[in-house]
Amino acid sequence: MKRKPITARELARMIGVSQSAVSRAFTPGASIAADLREKILQHAAEMDYHPNAIASMLSKSRTNIIGIVVSDMQNPFYPALIEKLSRALQEIGQQSLLFNIARGSNLEDQLSALRRYNVDAVIVISATILSAQTLLWATEGRAAILINRIIEDVDLSCVACDNAQGARAVADHFHALGRRHVAYVAGLSHTSTNSERRNAFITRVAELGMVLSTQIEGSEYSYHAGRRAAMKVVENAPKTDAIFFANDILAIGGIDALKEQAGRRVPEDIAVAGFDDIAIAGWPHYDLTTFRQPVDEMVRVVVQMVEEGSCAPGKPPIVKRLSGELVIRGSTAPAHHGCSAMPG
């Protein structure tokens, strides 16, 4: 039968040292003689002893655990961001504890669970269903950073892509291609990311003398929402020759609907652009023009803030908007003014 793991107290008794010495031997940087540390670690390996991370977490003011809150896991952008973030946190000795706030769930119950955990910091990844006040309550007394969403006039540090820069870049690209009747497809209309992208795109379209043929308010950032929105664009504004979708997964659904249901050619009849540059955007079937979020830089800045403690309670909130880049692929091309955008 499998032997029951021994405790720190039992190991200390076997070696003839104090329990605190065992604890210091497994704590990087702790004050303990090198020969004593080596002796303890050698006996621990022989007895297959491993320190209890949860017990250690409960007994110390620091736990080396970061809570990560996310509420939109169906968007492929977020799992990719979480993977890079958790790996970067590990490199500075921090582990991640994920809280997935599911749509339709009891927010108070889920966030109460977050408050019960002793974590060193809370990183909130675009929790679109959480209000500013709810976020403040959930992160009360903790170091906290919000990624991919900016909340103005609230004591929360925020790190996000420069959404306005990206939206203007897409509008400029459409204009350079000779596209003149353009549409915007939103994700969640009440979020800061959507508002920044929509407002900047519409403003730039007007400045360039283009026509905003229609604006579709989406209910979510999803593939099927993109399909539905693309069909609405075709039905409501048949002259549209370019569509800017608020993110890539919307655009990918839109491309499939335009080709399969509407009989439109992409990019010949309608140019399509998205936002994020998720992995599937580069697949040959979609070859999606998109604005790439600076994920690596966002992760670097967030991890640096955690490591330096600049997001600790009582410190002034830091707001950083980071530049991305337009990635031009085959879903956009120059307009053929002699041809109608209508099929047939």
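Angle of helix 163-176 to the longest C-alpha principal axis of the chain, folded into 0 to 90 degrees and rounded to 10: 30°.
Based on alpha-carbon atoms, the Kirkwood radius and the radius of gyration of the chain give Rg/Rh equal to 1.13. GNM remark for the chain: springs join alpha carbons under 10 Å apart, and the peak mean-square fluctuation among Thr214, Thr27, Thr290 falls on Thr27. Note on the chain: GNM, Cα springs under 10 Å; of Val22, Val295, Val327, the largest mean-square fluctuation is that of Val22.
Counting beta carbons within 10 Å around each of Asp296, Asp277, Asp155 and listing the fewest first gives the order Asp296, Asp155, Asp277. Put the Cα centre of region 263-294 next to the Cα centre of region 133-188 and the gap is 19 Å.
For the Cα atoms of the chain, what angle does the longest principal axis make with the long axis of helix 295-308, in degrees from 0 to 90, nearest 10? Around 30 degrees separate the two axes.
Scattering from region 163-292 was approximated by placing one identical point on each alpha carbon and applying the Debye formula without solvent; log10 I(q)/I(0) at 0.14 1/Å stands at -0.49. Computed from the alpha carbon positions, the gyration tensor of region 8-51 leads to an equivalent ellipsoid with semi-axes of 15, 11, 10 Å, biggest first. Counting other Cβ atoms within 10 Å as a rough exposure proxy, the listed residues Met298, Met231 run Met231, Met298 from fewest neighbours to most. One quarter of the surface of the convex hull around the alpha-carbon atoms of region 116-214 equals 7.1 nm², the direction-averaged projected area. For the options Val234, Val272, Val70, a Gaussian network treatment of the chain with springs between C-alpha atoms closer than 10 Å singles out Val234 as fluctuating the most.
Shown in residue order for region 227-242 are the 3J(HN,Hα) couplings computed by the Karplus curve 6.51 cos²θ - 1.76 cosθ + 1.60 at θ = phi - 60°: 4, 4, 5, 4, 5, 5, 4, 4, 6, 8, 9, x, 7, 4, 10, 7 Hz (x for Gly and Pro).
Any read-out appearing in this document is the output of simple, stated calculations on the displayed coordinates, not a laboratory observation. Small disclaimer: the values here were computed from a predicted structure and weren't measured. In this analysis, Cβ positions are derived from the backbone assuming ideal geometry, glycine residues included, and neighbour counts consider all displayed protein chains.
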